[in-house]
Amino acid sequence: MAEAIVLALFCFFASYGFIMLTRSLLQALWSNRALKTDGVRLVLLVKNREKDIEGIVRSFLSDDFKTRLMLNRNLKIVDLNSQDNTFVILEKMKKDFENLDIVKINDNEHEQSCPILRSSNI
């Protein structure tokens with residue numbers, strides 16, 4: 001008799017676990033659909049990064065998972081008045097990557113518009 005009760009409880013909990021697992025998988029699939037429509041906006045703030053900017057951009061835009069998450073698959077790069085060739089390199093890369101959006105602002109603009117950037121010496 002005790003074995004039958006244990007077996008019944010085991011079957012009940014196994015069935016409950018299977019139902020909850022199926023429910024969780026369906027919720028994950030449903031939320032993934034919403035993620036595809038909402039997306040993520042990715043903005044990079046750069047300054048004086050001529051040595052590694054090309055690798056950074058290629059890394060972000062070549063990774064299929066990241067580009068699927070990004071809204072409209074656009075990568076916005078804000079150049080904070082680089083004194084090197086960062087902006088020139090980005091302009092050249094824009095010809096290869098249509099989903100690259102580049103903005104250049106001078107020191108006064110970013111210091112006035114964002115106190116976090118001013119305090120972090122970017």
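What the table shows:
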| item | result |
| --- | --- |
| Amide H partners (placed H, <5 Å) of Ile102, local residues excluded | Ile77 |
| Amide proton proximity set for Asn85, modelled H, under 5 Å, gap of 5+ | Glu50 |
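Just so you know, all these numbers are worked out from the coordinates, no wet-lab data involved. These numbers come from a predicted model, not from an experiment.
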